[in-house]
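The values are calculated or read from the model by the stated rules, or taken from the named source; none is laboratory data. These figures come from a predicted structure and were not determined experimentally. So basically every Cβ, Gly included, is an ideal-geometry build from the backbone, and we count neighbours across all protein chains shown. In case anyone asks, the SASA skips ligands and DNA or RNA and just uses the protein heavy atoms, side chains included. Shrake-Rupley method; radii C 1.70, N 1.55, O 1.52, S 1.80 Å.
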Amino acid sequence: MAVAPALADAFVIEGRHPLSGRIRAAGNKNGALPIVAACLLTGEPVTLTNVPRIRDVDTMVELVGDLGGDASWTGPNELLVNAAGASKFAPDVGLCSKMRASFLLAGPLLSRFGRATMPPPGDDVIGRRRLDPHIHAFNELGASIEVGEAYDISAERLRGGNVFLDEASVMATENTVMAAVLAEGETVLGNAACEPHVQDLCRFLGSLGAQIEGIESNVLRIQGVSSLSGGEWAIGPDHIEVGSFIGMAAITGGDVTIEGARAKDLVSIVPGFAKLGVRVEVGEDTVHVPSRQQLVVQDDLGGMVPKLEDGPWPAFPSDLTSIAVTVATQAFGTVLMFEKMFENRLFFTDKLVSMGARIILCDPHRAVVTGPAQLVGQRMESPDIRAGMSMLLAALAAEGQSTIGAAHQIDKGYERIDERLRALGASIERVDA
């Protein structure tokens, strides 16, 4: 089974190079991971296209192989998964420690084998990521859970039930759906997450024969079926990557067209960036960011300081909050950034302050940003995927050279980002850390 080659672990960026050209959005990382896991629900082959070739996806591919399935790359972004030979219900501890999304195997394994022994997953540093909603949902479907060094989840037969999540958790929604599609009877899942990648998973399962109603809403009705077939599926575009490129083009003064975007996935992203003065032109499957924009924060009525806050879909995505903070450092005016979902996501702002940004971190969830600030290149370390990309944006806009260590954090979410940005005119190179 081929895996992505090891990459050097730092980016060196020379700032102040306007980006120009066309760039295609990759497949959605957060859509690909549960869909690869969901292939364990069928013993027939599944071909997946538009799969982002990133570290987290490679880890999920390794996990499927470790469980006895066969998952192999058949093209640059094409994956063939045949889980007919899967025989284990306990994923490898070392592989699970690499990423939070390893817990997405719990639902498929429980459904297929009646048991899943899940090691504690790896975690991001952005804040606490509760597993309670997952455990509650499995319990409502008839499973029993013992918590020790691992989460031992078992059920003689999963049965549909009424499940209400105490938070609109994306992964808990996905795990519940994957457990319920082969359960006996109907499952009604309330307060479900409905992000684009959750919709993508539901539609993928539907293409294999699952019966799911309410896609795009926060109430899903799942009628259990006896089996799923194989098939083919194209992973949807990554709206977070589209948003990242919008911010990147805007603060470098570039003229960039993003291809492969899906307009309905930008319903809250475009208005969010508009608050920071970013103007875009949305086509049927493209987003154009015109050059040399003067970014001006749009005050609320009466000249009040505006607030840009995230939340569950369709609110502004939490994964773009870090990007928006960097964009705000280059806009005229003051804005309150309100990160509601993760208590550590804004801690990276000290890196931007060291570059010259004017940011007041009020508490773990709120930061006041005043711009524009002249950023100066620095040596930094990426703590997580989104903070790393935000720092990369800042480096592209800064005067002088920046070095961003732990580039593997950015690689977990963005495919060949250095190559793709060089094609737009960025000065970025990989070096040994």
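Number of residues in segment 282-308 that are in contact with a Leu (Cβ under 9 Å, 6 or more places away or on another chain), open to solvent by 60 Å² or more (accessible area, probe 1.4 Å) and in contact (Cβ under 8 Å) with a residue 24 or more places away in the chain: the value is 3.
Output the residue which, of all residues in segment 395-412 that are farther than 14 Å from Phe11 by Cβ and among the small types (Gly, Ala, Ser), is least open to solvent (accessible area, probe 1.4 Å). Result: Ala397.
Per-residue answers, yes or no, for (1) in contact with a Phe, Trp or Tyr (Cβ under 9 Å, 6 or more places away or on another chain); (2) more than 25 Å from Thr47 (Cβ to Cβ); (3) not polar (S, T, N, Q):
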| site | (1), (2), (3) |
| --- | --- |
| Gly142 | no, yes, yes |
| Glu174 | no, no, yes |
| Thr187 | no, yes, no |
| Arg203 | yes, no, yes |
| Ile212 | no, no, yes |
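Restricting Asn30, Asn50 to residues that are open to solvent by 30 Å² or more (accessible area, probe 1.4 Å), within 19 Å of Phe204 (Cβ to Cβ) and either modelled with pLDDT under 95 or touching a helix residue (DSSP H, G or I) at 6+ places or on another chain (Cβ under 8 Å) (or both) narrows the list to Asn30. Collect the residues in segment 198-211 that are within 19 Å of the chain's Cα centre (by Cα) and open to solvent by 40 Å² or more (accessible area, probe 1.4 Å), keeping them in residue-number order. Selection gives Arg203 alone. Do any strands (runs of 3 or more DSSP E) entirely within segment 54-144 hold 1 or more residues that are hydroxyl-bearing (Ser, Thr, Tyr) and open to solvent by 10 Å² or more (accessible area, probe 1.4 Å), and if so, which? Passing ranges, in order: 70-75, 115-118. Among residues of segment 417-432 being assigned to a loop (DSSP other than H, G, I, E, B) and at pLDDT 95 or above, the one that is nearest to Ser402 (Cα to Cα) is Ala426. Determine which single condition Phe332 fails, assuming it passes every other condition in (1) touching a residue at least 40 places away in the same chain (Cβ under 8 Å); (2) open to solvent by less than 60 Å² (accessible area, probe 1.4 Å). With respect to (1) touching a residue at least 40 places away in the same chain (Cβ under 8 Å); (2) open to solvent by less than 60 Å² (accessible area, probe 1.4 Å), Phe332 is out only on (2).
Taken together, Gly224, Gly214 contain a single residue that is open to solvent by 10 Å² or more (accessible area, probe 1.4 Å), out of contact with any Pro (no Cβ under 7 Å at 6 or more places or on another chain) and on the phi < 0 side of the Ramachandran plot, which is Gly224.
The set of residues from segment 258-281 being of a type in the set (Asp, Glu) and either open to solvent by less than 10 Å² (accessible area, probe 1.4 Å) or free of Cβ contacts under 8 Å to residues at least 12 places away in the same chain (or both) comprises Asp265, Glu281.
Would you confirm whether or not segment 372-394 contains a residue that is open to solvent by 20 Å² or more (accessible area, probe 1.4 Å), under 28 Å from Ile360 (Cα atoms), assigned to a loop (DSSP other than H, G, I, E, B) and out of contact with any strand residue (DSSP E or B) (no Cβ under 7 Å at 6 or more places or on another chain)? Within segment 372-394, one or more residues are open to solvent by 20 Å² or more (accessible area, probe 1.4 Å), under 28 Å from Ile360 (Cα atoms), assigned to a loop (DSSP other than H, G, I, E, B) and out of contact with any strand residue (DSSP E or B) (no Cβ under 7 Å at 6 or more places or on another chain). Quick one: would you say Gly247 is modelled with pLDDT under 95 and surrounded by 22 or more Cβ atoms within 10 Å (Cβ to Cβ)? Criteria not met by Gly247. Residues in segment 60-101 that are at pLDDT below 95 and under 17 Å from the mean Cα position of the chain (by Cα): how many? Counting residues in segment 60-101 that are at pLDDT below 95 and under 17 Å from the mean Cα position of the chain (by Cα) gives 4.
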